[in-house]
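Single-structure report; data block below.
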Amino acid sequence: MRLFGLDVLRFAWGALVGYPSRALLMLLAMSIGVASVVMLTALGEGARSYVRGEFASLGTNLLTVIPGRSETGGFSPSTLMGETPRDLTLADAQALTRSYSVHRVAPLNVGSAEVSRKGRVRDTVILGATHDMLALRRWQIMQGKFLPKIRWNRAMPVAVIGNKVREELFGTEPALGQWLRIGDRRFRVIGIMGSEGRSIGVDVEETVYIPVASAQQLFNTSSLFRILVEARSRNSLPAVEQYIIKTLQTRHQGVKDVTVITQDAVLLTFDKIIGALTYSVGGIAAISLMVAGILIMNVMLVAVSQRTAEIGLLKALGADHRQILSMFVGEALLLSSLGAGAGLIIGELGSLALRQAFPVLPAHAPLWATAAAMGVALGTGALFSLLPARRAAALDPVTALSRR
Amino acid sequence: MPVIQLQQIHRDFQVGDQIVHALDDINLQIDAGDYLSIMGPSGSGKSTLLNLIGLLDRATSGHYILNGQDVTALSDTEQAITRNKTIGFVFQSFHLVPRLSAAANVELPLMLAGMSVEERRSKVAQALEALHLSDRAEHKPDQLSGGQRQRVAIARATVTEPAVLLADEPTGNLDRKSGLDVMAILETLNDRGITLIVVTHDAALGQRARRQLHMLDGRIHREEQEG
């Protein structure tokens with residue numbers, strides 16, 4: 001080794017400082033590339049942990065029972081007779097509570113109705129629920145109480161309203177203990193749901209909760225929208241799933257006409273989708289890194305032609321092919337590592353800003369993405385400087401010196 | 001003991017479909033410590049000859065023996081090392097790297113030789129001192145006068161203590177007084193033993209040399225020797 005690495009670095013640094021606009025341009029391109037990889041993957045990871053958090057807030061031991069079978073089950077009496085799937089009823093839900101492994105069961109009914117009070121009318125989602133719903137979905141009550149612990153088939157004119165509903169119907173007046181009208185029935189407000197409870201598909205603050213039997217009367221139906229079942233532990237989930245299917249099959253004259261969805265299956269799907277999104281967005285950002293690499297190549301090519309005389313001189317002073325090569329590759333590497341460093345800082349600051357702006361999205365760039373961004377930055381820097389560097393090294397010293 | 005021996009050197013260039021004989025059967029022997037000038041009109045081959053002696057160019061045929069070693073067949077890297085050790089260049093347009101200080105410019109050949117930083121520093125200081133440039137060490141080339149720039153270039157050419165100093169129109173970009181200064185410096189170096197070869201088309205300058213070659217059409221047309 002005739003040329004020390006440190007000398008290459010010092011020489012490259014001198015060259016960068018000597019042509020600041022060129023260096024800044026390349027730094028900018030590189031740092032934008034790296035920063036976008038870092039920020040976009042951080043965003044993706046943030047979305048992933050947001051969704052995970054959502055599901056965790058639903059309770060990970062949760063099973064959802066919905067009427068109807070989602071897979072083709074081959075030949076069965078119901079297909080022969082053209083039966084529609086049987087509805088889920090409160091008695092079905094009640095039957096599911098008779099297992100030790102089942103912790104809580106929450107039958108659910110959903111509909112939309114006009115909620116009115118003193119001439120103020122508002123179309124609202126009405127959720128027929130039970131006392132256990134609150135604990136099962138990890139919701140928080142802001143004021144008052146949630147639905148009382150009563151037999152499920154007993155209707156009761158009480159309602160828990162979301163905070164937004166309260167604001168719109170009651171304004172600044174106290175709502176607890178007041179009466180309001182849902183459809184053509186009167187209900188007394190016993191609790192208010194705040195914003196702590198967040199949940200996929202349900203905006204807790206914009207919903208009105210009434211006992212499930214009341215909801216069935218209101219919507220004039222005996223069926224349920226779905227039944228939520230919470231298993232006592234994660235390990236008992238498969239057993240509980242089998243238990244649910246068997247129990248309901250027995251109750252429905254031997255027809256398997258329900259679908260049980262585990263949170264894990266849903267979570268896995270979301271995870272896959274978001275993972276794919278993160279990868280593709282990261283990939284798009286990586287393309288910008290390649291573009292930065294090509295820019296480095298172009299600018300280095302310009303540098304080689306600008307510094308032809310200098311290269312000729314270095315050759316006259318005794319620089320060989322490899323020394324010229326390492327000088328130019330070293331320069332590009334220095335540039336791309338500076339750019340990558342700057343990009344990393346920008347990207348992390350950007351992620352920090354994202355976290356500040358959207359606290360629900362924990363936007364942290366995963367380590368693999370950061371490492372890959374740095375690697376690609378350095379790799380493209382080295383790769384794309386090779387052509388200009390080789391061109392420089394191959395210059396004929398006589399013609400190079402006679403230029404200018 | 002000859003430091004440079006050229007034997008039947010030919011250098012042909014292809015220009016279009018024509019072959020130009022830039023050097024046509026050159027035989028030349030230069031002794032260590034010689035002071036030689038190469039003169040001739042442009043296109044006579046004097047620069048090609050200088051480049052060839054400086055290992056910047058290769059002969060089409062013939063042999064070049066430098067310091068007793070046949071360097072014709074050396075690889076590029078070996079030639080680069082030889083150039084670094086035994087040959088110093090002084091150019092008409094100085095060829096200083098504009099972003100580097102005078103000291104850093106002088107340091108370049110030592111850096112390329114892989115010398116340690118401390119050793120370099122003392123050699124650079126010596127070289128600058130010898131050319132009365134110590135107070136200009138940290139100046140950039142554009143802060144120096146033409147004469148000073150050429151002196152920095154000479155310091156750079158001599159810092160490796162080469163056997164041969166090649167000067168291509170060293171005074172071409174200088175006013176008369178600086179030019180004479182530079183020539184005096186080069187001749188002092190020659191007095192101390194360095195082999196000095198000056199290419200010029202200025203007859204007055206060429207006549208200062210002890211040996212004067214006149215080139216024409218790639219051949220040594222005439223040689224004069226003094227003393």
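Indicate, rounded to the nearest 5 percent, the antiparallel portion of the DSSP beta bridges found entirely in the range A:107-222. All intermediate terms of the calculation are to be shown ahead of the outcome.
Working: 21 of 31 bridges.
Beta bridges within the range A:107-222, antiparallel portion: roughly 70 percent.
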To the nearest Å², the heavy-atom accessible area per residue of the protein assembly as shown with 1.4 Å probe amounts to 46
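How about the range B:151-227: which trypsin sites (Lys or Arg not before Pro) there are in a DSSP loop, with at most 10 other Cβ atoms within 10 Å of their Cβ?
Details: sites: B:Arg151, B:Arg156, B:Arg176, B:Lys177, B:Arg192, B:Arg208, B:Arg210, B:Arg211, B:Arg219, B:Arg222; in loops: B:Arg192, B:Arg208, B:Arg210.
Counting only loop positions with at most 10 other Cβ atoms within 10 Å, the trypsin sites (Lys or Arg not before Pro) in the range B:151-227 are B:Arg192.
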Scoring chain B by relative contact order with C-alpha pairs under 8 Å, at least six apart, yields a percentage of 29
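Looking at the protein assembly as shown, send over the antiparallel percent of its DSSP beta bridges, to the nearest 5.
Details: 59 of 86 bridges.
In the protein assembly as shown, approximately 70 percent of DSSP beta bridges are antiparallel ones.
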Any DSSP H helix in chain A with Cα axial reach of 30 Å or more and mean Kyte-Doolittle score of at least 0.5? Listed by number, the hits are A:20-58, A:263-306, A:321-357, A:367-393
Heavy-atom accessible area of B:Met39, protein chains in place, probe 1.4 angstrom, given in Å² to nearest 10, is 10
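Hey, what D do you get for the range A:107-222 in µm²/s if you plug the Kirkwood alpha-carbon radius into Stokes-Einstein at 25 °C and 0.890 mPa s?
Details: Rh = 13.7 Å.
Once the numbers are plugged in, D ends up at 179 µm²/s.
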To the nearest 0.05, the calculated FRET efficiency linking A:Lys246 and A:Asp203 through their beta-carbon distance, R0 being 45 Å, is 0.80
Put B:Leu55, B:Leu180 in order of accessible area, largest first, probe 1.4 Å, and you get B:Leu180, B:Leu55
The distance between the Cα centres of the range A:158-194 and the range B:1-72, in whole Å, is 105
Sorted largest first, the Cα spans of the range B:70-227 on the principal axes come out in Å as 47, 42, 27
Along principal axes, largest first, the alpha-carbon spread of the range B:168-227 in whole Å comes out as 31, 26, 17
Place a point 7 Å from the Cα of B:Val15 in the direction of its beta carbon; the residues of the range B:47-72 whose amide N falls under 14 Å from it are B:47-48
Sorted list, accessible surface of protein heavy atoms, 1.4 Å probe, largest first, for A:Arg104, A:Arg251, A:Arg117 is A:Arg251, A:Arg104, A:Arg117
With the dipole of chain B defined by +1 on each Lys or Arg Cβ and -1 on each Asp or Glu Cβ, the option from B:Ala137, B:Leu165, B:Phe94 whose Cα lies farthest towards the positive pole is B:Ala137
The whole-number value in µm²/s of the Stokes-Einstein translational diffusion coefficient for the protein assembly as shown, with Rh from the Kirkwood sum over alpha carbon pairs at 37 °C and 0.692 mPa s, is 102
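Using a 1.4 Å probe on protein heavy atoms only, how many Å² of accessible area do B and A hide from each other, summed over both chains and rounded to 100? Don't jump to the answer; show the numbers that get you there.
On the way: alone 11210 and 20190 Å², together 29100 Å².
Between B and A, the summed buried area is about 2300 Å².
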tail above 22 Å in the computed P(r) of the range A:238-390, as % of all Cα-Cα pairs, reads 62
Given unit charges at Cβ for Lys, Arg (+) and Asp, Glu (-), the dipole magnitude of the range A:107-222 about its Cα centre in debye, nearest 20, is 420
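The values are calculated or read from the model by the stated rules, or taken from the named source; none is laboratory data. Values in this document were obtained by computation on a predicted structure and should not be read as measured data. As a convention, Cβ positions derive from the backbone with ideal geometry for all residues, glycine included, and neighbour counts pool all protein chains shown. The area values use the complete protein model at the heavy-atom level, side chains included, leaving out ligands, DNA and RNA. Shrake-Rupley method; radii C 1.70, N 1.55, O 1.52, S 1.80 Å.
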